[in-house]
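Below is one structure, written out as structure tokens; comments come after it.
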């Protein structure tokens, strides 16, 4: 079983989902470190995962990725306020990270990665990014920026070549990872080895029931539109059904429970059947029956087109986020 | 209920179609004794299918099948003569041709034929007083009562000198086929707590959610939500898969990711104490990709459309009830 040292940069919901799922599958807690700037969030993670090492402070990211030479070095960092560690953590040692999971908000990723550029370049972990809208080429650029500006401070600045940077695998998971029922799309750059792909797949596989590789990076935007953002579409559908039932006189609790189980049952049927979704629907839709009445209403009302528009809107937003955050014309030496 | 307390009485399925099979299959998978089940089914090929899928299951067809399934047979000799004169065909490989009377009768015939089936069985049902569970869409308990009262003076019924079996009406759904059903149930006032428990435990064998409704009109709403609901989600998933393909994704990936997303969302909703609105808001970062999609749904009137669809199914259920229930006899 995979036991690599993992560093989560950012301890938000998705990082927690993946970490929590891994721990629930028996991943060694002592092999995980999380960096998280918000103190309250750190405390929450401490209490939910007793013994988990959670770091904050200016040097937290660096420590998580680079590791610490010695306990006294760690102590120095703590003493001069460069890091705050979890005093109740299971382990006080900090080996370098073998896998770095970038889980910060897209808006701050550039600064975070640039800051870590030198460290990443030196340590060469596998870099897995779960940030929406940030392309692998941009991440490479940010790493290079950081590594080069660090080297410019030395007497011998170096040229950072793309192939010398750590491999990046971009991942679009989704929140049901929180209950080990994730659906995840992955894209690996050509310099990622099969072993690295396997590592990424098994990490996400711990919390996902469906893991799919895409061959072009642009399809990660589509994964975003389907499974990344998709849970919210089904929450909205279920909410609308629940409200409809309540309007027709049902109590909310019953409406909610029946709706949710119907959603679950439909998904289970679809998963266990070899029929395509259209056939499944047609099979349960007797002509002139109640289902037929509902489906005809949906079709007349442009249900399919509305779904297509909304999926496309998420896909487009993912693409435009990429432009906003990584920008055209941001020159690099790569 | 513990395994020991679970109802193990004799069950007669009138009709052996998909839903009957789903319930029967689920019960057998939960350890319900096969010998306590009998299925009456007119189509020979369907009988053979059930016999091969559930070896030893007693399936009956023929003119007297329904009656025998419910009433039982006085003796093996009587059964033999019914076979010989062609009144019934039995499963030759069934464990037994002993037919005890049914304690529970599950009406699983198509709504369109239910009236004539029940009218035909009325004397037997009145004599035997089993619990009658109907899974037929659109047929009200009052209609079933009327069919069971066929041939009897209305005043005798009103005076209480002729008793009718209690009826429990159930709206299950097709995910019962994968033991993930959602079912709504309504019991008439003459059903006892024990009757309700029996009905609930039978449906619970194939349903993860079983809900009682206090007024029968809400069964139409159950139809609109969970009865017909799986098709709504199939349509939603089909539309998402198609959207993915249009954007360049291969169909298999689009399908697999879509279905697991549906499943994951439902699981999250079931496990969370948050309501559905809160769940959605929690995963919708402002200005993010999800926000863009949800705004498009809202701008396109998604909620209204869903409400219209659910209401249409509910309304159709009520109309069917009128069409199939018929005028007072």
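Computed values, structure above
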quantity: Exclusive hit being surrounded by 20 or more Cβ atoms within 10 Å (Cβ to Cβ) and over 19 Å from residue A:190 (Cα atoms), set A:158, A:78, A:104, A:168; calculated: A:104
quantity: All helices (runs of 4 or more DSSP H) inside the range B:172-248 with 1 or more residues being over 25 Å from residue B:131 (Cβ atoms), modelled with pLDDT of 95 or more and at the interface with chain A (Cβ under 10 Å from one of its Cβ atoms); calculated: B:229-246
quantity: Tally, over the range B:239-293, of residues that are touching a strand residue (DSSP E or B) at 6+ places or on another chain (Cβ under 6 Å) and surrounded by fewer than 24 Cβ atoms within 10 Å (Cβ to Cβ); calculated: 2
quantity: Residue within the range B:270-281 that is part of a helix (DSSP H, G or I), under 25 Å from the mean Cα position of the chain (by Cα) and facing another protein chain (nearest Cβ under 7 Å) present; calculated: yes
quantity: Candidates B:65, B:12, B:69, filtered to the one that is surrounded by 19 or more Cβ atoms within 10 Å (Cβ to Cβ) and in contact with a helix residue (DSSP H, G or I) (Cβ under 6 Å, 6 or more places away or on another chain); calculated: B:12
quantity: Matching option when the condition is touching a residue at least 60 places away in the same chain (Cβ under 8 Å), crowded, with 18+ Cβ neighbours inside 10 Å and in a loop (DSSP other than H, G, I, E, B), among A:7, A:90, A:97; calculated: A:97
quantity: Test: residue in the range A:126-133 that is over 28 Å from residue A:68 (Cβ atoms), at pLDDT below 95 and under 17 Å from the mean Cα position of the chain (by Cα); calculated: yes
quantity: Conditions (1) surrounded by 23 or more Cβ atoms within 10 Å (Cβ to Cβ); (2) touching a residue at least 40 places away in the same chain (Cβ under 8 Å): number failed by residue A:34; calculated: (2)
quantity: One residue from B:127, B:95, B:102 being in a loop (DSSP other than H, G, I, E, B), in contact (Cβ under 8 Å) with a residue 40 or more places away in the chain and surrounded by fewer than 20 Cβ atoms within 10 Å (Cβ to Cβ); calculated: B:95
quantity: Search result, residues across the range B:28-45 that are surrounded by fewer than 24 Cβ atoms within 10 Å (Cβ to Cβ) and touching a residue at least 40 places away in the same chain (Cβ under 8 Å); calculated: B:29, B:30, B:32, B:34, B:35, B:44
quantity: Some residue of the range A:211-225 being crowded, with 24+ Cβ neighbours inside 10 Å, more than 28 Å from residue A:321 (Cα to Cα), in contact with a helix residue (DSSP H, G or I) (Cβ under 6 Å, 6 or more places away or on another chain) and within 7 Å of another protein chain (Cβ to nearest Cβ); calculated: no
quantity: Selected residue [part of a helix (DSSP H, G or I), more than 7 Å from every other protein chain (Cβ to nearest Cβ) and either over 20 Å from residue A:231 (Cβ atoms) or out of contact with any helix residue (DSSP H, G or I) (no Cβ under 9 Å at 6 or more places or on another chain) (or both)] from B:323, B:298; calculated: B:323
quantity: Residues satisfying the stated conditions in the range A:189-210, i.e. farther than 17 Å from residue A:24 by Cβ and in contact (Cβ under 8 Å) with a residue 40 or more places away in the chain; calculated: A:189, A:192, A:196, A:199, A:200
quantity: Condition check for residue A:99: touching a strand residue (DSSP E or B) at 6+ places or on another chain (Cβ under 8 Å) and under 16 Å from residue A:206 (Cβ atoms); calculated: yes
quantity: Selection from the range A:266-287 of residues that are out of contact with any helix residue (DSSP H, G or I) (no Cβ under 8 Å at 6 or more places or on another chain) and either facing chain B (nearest Cβ under 7 Å) or over 12 Å from residue B:234 (Cα atoms) (or both); calculated: A:274, A:287
quantity: Residue identified as under 23 Å from the mean Cα position of the chain (by Cα) and within 14 Å of residue B:13 (Cβ to Cβ) among B:122, B:102; calculated: B:102
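The values are calculated or read from the model by the stated rules, or taken from the named source; none is laboratory data. Bear in mind that the values here come from a model prediction, so they are computed numbers and not experimental data. Because the Cβ atoms are built from the backbone with ideal geometry, glycine has one as well, and the counts that use them run over all protein chains shown.
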